[in-house]
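First the structure, in the form of C-alpha cells, and then the observations on it.
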Amino acid sequence: MVTKVVDLRSDTVTKPSEAMRAAMAAAEVDDDVLGADPTAQRLEAEMARVTGKEAALFVPSGTMGNLVSVLTQCDTRGSEVILGDSSHIHMCENGGISTIGGVHPRTVRNNPDGTMDIDMIVAAIRHHVGAGALHYPTTRLICLENTHGRSGGKCLSVEYIDKVGQVAQSHGLKLHIDGARIFNASVALGVPVDKLVRAADSVSVCLSKGLGAPVGSVIVGSKAFIEKVFFDIADPRITSDKLCQVLERRNVLAMPGSSKSVRLVIHYQISDSDVQYTLTCIEKAVEEILSGNAKFEHLTNGSTTNSYGH
C-alpha cells in the first residue's frame, strides 16, 4: 500500500522547509510600510542583485506584482498593453489591468512554444498618425511570460526576449516579463536569470511556487520604476477527469487543464523516484481506463468528478 502522496497539481502546493521555517521564526522584523523592515530590505536587495536590476519591491502575490507593474508602466488611463492571448495576465488575473487600471489589453496569438510572432507584435503597435488617431488607445507596454504556463511551461529563450526588447525600445515602449517561474526557465535553459531579463524594464518573480515560500512575489526594475506544465491526451476514450481520478486512487494528484490535457508540475518536494512512480501510475491508469475496469463517480450531468472539483 502506497502511503505517500505525489502531488503534481501545482508548485503552489509547496510548503516551507524546516530551515525556512526556522529562518522565519528568527527573522528580524519592523514596519515595512515605513521602510524599516531589515528582512524585507535584504530580500529586495538580493532579488535586485540576482536579476541584475536596480531595485525590488516585495508584494503579497504574483497577480498583484503583475498589476503593479502594468499600472506603473501604463500610468495614463487609456494606455494599451500588447500581450499573449493565452497569457496569465490576460486569462487568469481577474481583468485587473482593465478594471483597476483602465489599461486596454491588445492580444496577439501565442504560439505553442509560448512566443508571439515578432511581426505580429510590431503590427499590433498603434501609431498615432492621421485624423482618426485620437480614437485609439496608446500602446505603452509589451508583456511576455516566462515560463509560459498555458503552453505547457515552455521557456522563452534569451534570444527571443532580446528581440522583443529591441522592438519595444525602437518604438518607445516598455517591456514587462511575468516571470512567476523565471528560475525554472533559468535552470532549464542553463542561462542566468539576469541575462534572461536584461531586456525587461520590469519583472515579477513568484516566491510561493517552486521556491516553497508560503506567500509572496517580488517585482524588480529601475529605482524609478519601484518608487511591478501540462501534457495532452491523444486517445479519445480517455478524458483528463477520468485519468486524474484513477491517479488519485494511487496517491498521485494531478489537475485537469482541459477535457484532453492534464497539468503536472514538478517542484522541490517531488523526488526523482516520485517522477518514476508517477509515470508508472499513468501507464497503469491508461491501461485500466482502456480495459474498462476503471470505476468513476458521476455527476448528474454525466461528467466525472474528483476531490478537487473537476
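SER240 meets the conditions (1) under 22 Å from ILE161 (Cβ atoms); (2) crowded, with 17+ Cβ neighbours inside 10 Å; (3) hydroxyl-bearing (Ser, Thr, Tyr) in every case but one. The failed one is (1).
With respect to the conditions (1) surrounded by fewer than 21 Cβ atoms within 10 Å (Cβ to Cβ); (2) of a type in the set (A, V, I, L, M); (3) in contact with a Ser or Thr (Cβ under 8 Å, 6 or more places away or on another chain); (4) within 30 Å of PHE58 (Cα to Cα), ILE233 lacks only one, and its number is (4).
The set of residues from segment 110-167 being modelled with pLDDT of 95 or more and at positive phi comprises just one member, GLY114.
Take GLY95 and tell me if it is open to solvent by 20 Å² or more (accessible area, probe 1.4 Å) and more than 15 Å from the chain's Cα centre (by Cα). Write out each step before concluding.
Working: open to solvent by 20 Å² or more (accessible area, probe 1.4 Å): yes; more than 15 Å from the chain's Cα centre (by Cα): yes.
Yes, satisfied.
Against the conditions (1) over 18 Å from the mean Cα position of the chain (by Cα); (2) of a type in the set (Val, Ile, Thr); (3) at pLDDT below 85, THR280 satisfies every one except (3).
Cβ-Cβ distances below 7 Å connect the following pairs, each with a first residue in segment 44-65 that is under 26 Å from GLY96 (Cα atoms) and open to solvent by less than 50 Å² (accessible area, probe 1.4 Å), a second residue that is of a type in the set (Asp, Glu) and part of a loop (DSSP other than H, G, I, E, B), and a separation of six or more residues or different chains: ALA48/GLU54. When SER291, SER261 are checked against the criterion of being farther than 23 Å from VAL187 by Cα and open to solvent by less than 60 Å² (accessible area, probe 1.4 Å), a single residue qualifies: SER261. Whether any residue in segment 126-146 is aromatic (Phe, Trp, Tyr) and within 19 Å of the chain's Cα centre (by Cα) is what I want to check. No, because not a single residue in segment 126-146 is aromatic (Phe, Trp, Tyr) and within 19 Å of the chain's Cα centre (by Cα). Among the residues making up segment 84-130, those that are closer than 21 Å to LYS163 by Cβ and polar (S, T, N, Q) are SER86, SER87, THR107, ASN110, ASN111, THR115.
Reported count of residues in segment 209-224, each being closer than 18 Å to GLU18 by Cα, of a type in the set (Val, Ile, Thr) and in contact with a Lys or Arg (Cβ under 9 Å, 6 or more places away or on another chain), is 0.
Considering every residue within segment 66-83, establish whether at least one is within 19 Å of VAL220 (Cβ to Cβ), open to solvent by 50 Å² or more (accessible area, probe 1.4 Å) and over 20 Å from the mean Cα position of the chain (by Cα). Scanning segment 66-83 turns up at least one residue that is within 19 Å of VAL220 (Cβ to Cβ), open to solvent by 50 Å² or more (accessible area, probe 1.4 Å) and over 20 Å from the mean Cα position of the chain (by Cα).
Of the residues making up segment 45-71, those that are among the aliphatic types (A, V, I, L, M) and in contact with a helix residue (DSSP H, G or I) (Cβ under 9 Å, 6 or more places away or on another chain) are ALA48, VAL50, ALA55, ALA56, LEU57, VAL59, MET64, LEU67, VAL70, LEU71.
The values are calculated or read from the model by the stated rules, or taken from the named source; none is laboratory data. None of these values were measured; they are calculated from a predicted model. When we count neighbours, we look across all protein chains shown, and the Cβ atoms used for this are built from the backbone with ideal geometry, even at glycine. Remember, those area values only see protein heavy atoms, side chains included, never the ligands or the DNA or RNA. Shrake-Rupley method; radii C 1.70, N 1.55, O 1.52, S 1.80 Å.
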